[in-house]
């Protein structure tokens, strides 16, 4: 797989394929050697660093350049990959799939040049950044529901405690609950937190079963 804008070094393709075969890998990624200096508009280099850092925090340190469009795949990777995205998020989806199944991958530094004269980039900085962040959240929820819903459940529980504590103290002192809306809000927040905790346990079990089946089926 390679972007059709002429920015990737085509002479590296045989080396990437040979490494895939020799080391029995499922994917080889051509990491862009000069991506930050040569071929991006101002701000894109920072965005790449930022999103790569977020990716490693959420899904693990398997990749150094998740947005590289220069990749070689094994047959079993292609057969196992359920492509959903149709835009700039496809590289993220491919990388997360490999991280989720802990597939053997390798990265090879490749030269990355400027686009050919007369060609325009389809990348829209702010729109695509929002789409990528949304993709991160969706995939993180689906792949690591325990972390995603765990954070929500803990946050809601803390909010419920903060709302309920002064009311509880007042009740102990006076026997009255003078601020009913706060009491209702705390009760509802606690209920939602418990509901989220239930979803956490169920979806985490489902995710483990799916991961086990995908791993065994490859």
Exception for residue 121 within (1) at pLDDT below 90; (2) touching a helix residue (DSSP H, G or I) at 6+ places or on another chain (Cβ under 8 Å); (3) surrounded by 13 or more Cβ atoms within 10 Å (Cβ to Cβ) falls at (2)
In the set 176, 203, the lone residue that is part of a loop (DSSP other than H, G, I, E, B) and at pLDDT below 80 is 176
request  = Restrict the check to region 82-90 and report whether at least one residue is under 19 Å from residue 56 (Cα atoms) and either in a strand (DSSP E or B) or at pLDDT below 85 (or both).
outcome  = yes
Within region 15-37, restricting to residues that are more than 18 Å from residue 97 (Cα to Cα) and modelled with pLDDT of 95 or more, the one that is surrounded by the fewest Cβ atoms within 10 Å (Cβ to Cβ) is 22
Scanning region 60-81 for residues that are part of a loop (DSSP other than H, G, I, E, B) and on the phi < 0 side of the Ramachandran plot gives 61, 62, 63, 64, 65, 66, 67, 68, 69, 70, 74, 81
- Task: Evaluate region 147-161: report whether one residue or more is under 30 Å from residue 45 (Cβ atoms), touching a helix residue (DSSP H, G or I) at 6+ places or on another chain (Cβ under 9 Å) and either at pLDDT 70 or above or outside the structural domain of residue 71 (by TED's automatic domain parsing) (or both).
- Result: yes
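The values are calculated or read from the model by the stated rules, or taken from the named source; none is laboratory data. As the structure is a computational prediction, the values presented were derived from the model and not from experiment. Quick reminder, even Gly has a Cβ in these numbers, built from the backbone with ideal geometry, and neighbours come from all protein chains shown.
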